[in-house]
Amino acid sequence: MRFVILVVILLAVIVWFQRLKKNLGRDRSSSGGDSFPGAMPASAAPEPTPVEAMVACAHCGMHFPASEAIADSSGAIFCSTEHRRLHAS
């Protein structure tokens, strides 16, 4: 009977130490300390790239970023010089 009580007490101490270790790790990460060596701080996260407008080609209808657009003299937008040439003829 003594052996069973000692095993239960030992298991309770092990569980208590594991929870204490987990709580200390959580407190350290919330106070700004690095939980992983070489980890990047949250404030140094890269900025997300801005969303770019999409336009449709007047010839084929394909959508592509506005920065890659090719316009003709009438203001129509094309995805390539070939489509601009084909649309003009």
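The table below lists the values:
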quantity	calculated
Output for the stretch 71-89, where each listed residue is assigned to a strand (DSSP E or B) and surrounded by 15 or more Cβ atoms within 10 Å (Cβ to Cβ)	I77, F78
Extreme residue, farthest from the chain's Cα centre (by Cα), among residues of the stretch 51-69 that are aliphatic (A, V, I, L, M) and surrounded by 15 or more Cβ atoms within 10 Å (Cβ to Cβ)	A58
Condition check for D27: at pLDDT below 75 and either under 30 Å from A76 (Cα atoms) or assigned to a helix (DSSP H, G or I) (or both)	yes
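The values are calculated or read from the model by the stated rules, or taken from the named source; none is laboratory data. If you're wondering where the values come from, they're calculated on a predicted model, not measured in any experiment. In this analysis, Cβ positions are derived from the backbone assuming ideal geometry, glycine residues included, and neighbour counts consider all displayed protein chains.
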